[in-house]
Structure formats: structure tokens, C-alpha cells
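The values are calculated or read from the model by the stated rules, or taken from the named source; none is laboratory data. Given the structure is predicted, the values throughout are model-derived calculations rather than measurements. All Cβ positions, even for glycine, are placed from backbone atoms using ideal geometry, and neighbour counts span all protein chains on display.
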Amino acid sequence: MQRKACNTETLARSEVCSVEYCRSCAVFHVNVGPVTVHFRPSTFRMLCTTLNAALARFRHVRPVLSSCTANQDEIIDRSP
Ligand SMILES: [Zn+2]
């Protein structure tokens with residue numbers, strides 16, 4: 001079975017990740033370090049909503065975490 005070549009367009013990029021959209025597959029390619037995860041647009045929207053919700057909630061958590069002796073960024077980096 002022949003597969004169409006990917007036709008990706010980079011939508012956003014930062015030091016930690018990039019997001020491309022492939023017109024051939026109609027999926028988002030989310031690249032984080034060596035890992036690429038593909039999401040259909042509806043699923044990608046849900047991912048973004050969930051990430052934003054987590055970030056909003058994290059802002060509320062911040063004062064609690066800051067009482068910990070560990071640096072908050074270290075906590076983030078150690079998470080899987
Ligand atoms: Zn593709």
C-alpha cells in the first residue's frame with residue numbers, strides 16, 4: 001500500500017517543542033525532544049485545553065510548592 005509523503009508546515013516552535021501540521025495526513029505532529037506524537041485536530045484541541053487547564057491549576061499550586069526546599073523547575077524536569 002502506497003503512503004503519501006508528509007507535507008508538514010511548522011506552526012510553532014520553542015526550545016522544548018515544535019508543532020507541525022501535516023496536510024497529507026491531516027494530523028498535528030507534536031515534537032518534544034526525541035518524541036513525536038501525532039494528533040488529529042479534534043484530539044489536538046483537547047490536548048491544548050488539558051495543558052492549559054493544568055497550567056492554570058499549577059499557578060494555584062505554586063505557593064504550596066514554593067514552601068518546598070527544592071527548586072520548582074527541578075521538580076518539573078524530573079517528572080517523566
Ligand atoms: Zn503526514
Got at least one residue in the stretch 36-57 being modelled with pLDDT under 95 and surrounded by 12 or more Cβ atoms within 10 Å (Cβ to Cβ)? no
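Restricting attention to the stretch 24-53, which residues are over 18 Å from Glu9 (Cβ atoms) and within 16 Å of the ligand (Cβ to nearest atom)? I'd like the intermediate steps shown before the answer.
Step one: list which residues in the stretch 24-53 are over 18 Å from Glu9 (Cβ atoms), which gives 32-35, 42-43, 46-47, 49-53.
The one that is over 18 Å from Glu9 (Cβ atoms) and within 16 Å of the ligand (Cβ to nearest atom): Thr43.
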Restricting the search to the stretch 18-35, which residues are out of contact with any helix residue (DSSP H, G or I) (no Cβ under 6 Å at 6 or more places or on another chain), modelled with pLDDT of 95 or more and surrounded by 13 or more Cβ atoms within 10 Å (Cβ to Cβ)? Ser18, Val19, Glu20, Tyr21, Cys22, Val27, His29, Val30, Asn31
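Go through the stretch 1-17 and report how many residues are among the charged types (D, E, K, R) and either surrounded by 11 or more Cβ atoms within 10 Å (Cβ to Cβ) or in contact with a helix residue (DSSP H, G or I) (Cβ under 8 Å, 6 or more places away or on another chain) (or both). Quick ask: steps written out before the conclusion?
Applying the first criterion (among the charged types (D, E, K, R)) to the stretch 1-17 yields 3-4, 9, 13, 15.
Then keep just the ones that are either surrounded by 11 or more Cβ atoms within 10 Å (Cβ to Cβ) or in contact with a helix residue (DSSP H, G or I) (Cβ under 8 Å, 6 or more places away or on another chain) (or both); that gives 13.
Summing the residues that are among the charged types (D, E, K, R) and either surrounded by 11 or more Cβ atoms within 10 Å (Cβ to Cβ) or in contact with a helix residue (DSSP H, G or I) (Cβ under 8 Å, 6 or more places away or on another chain) (or both) in the stretch 1-17 gives 1.
Could you list, in sequence order, all residues of the stretch 2-17 that are within 15 Å of the ligand (Cβ to nearest atom) and either touching a His at 6+ places or on another chain (Cβ under 8 Å) or in a loop (DSSP other than H, G, I, E, B) (or both)?
From the stretch 2-17, those within 15 Å of the ligand (Cβ to nearest atom) are 2-11; that's our starting set.
Those that are within 15 Å of the ligand (Cβ to nearest atom) and either touching a His at 6+ places or on another chain (Cβ under 8 Å) or in a loop (DSSP other than H, G, I, E, B) (or both): Gln2, Arg3, Lys4, Ala5, Cys6, Asn7, Thr8.
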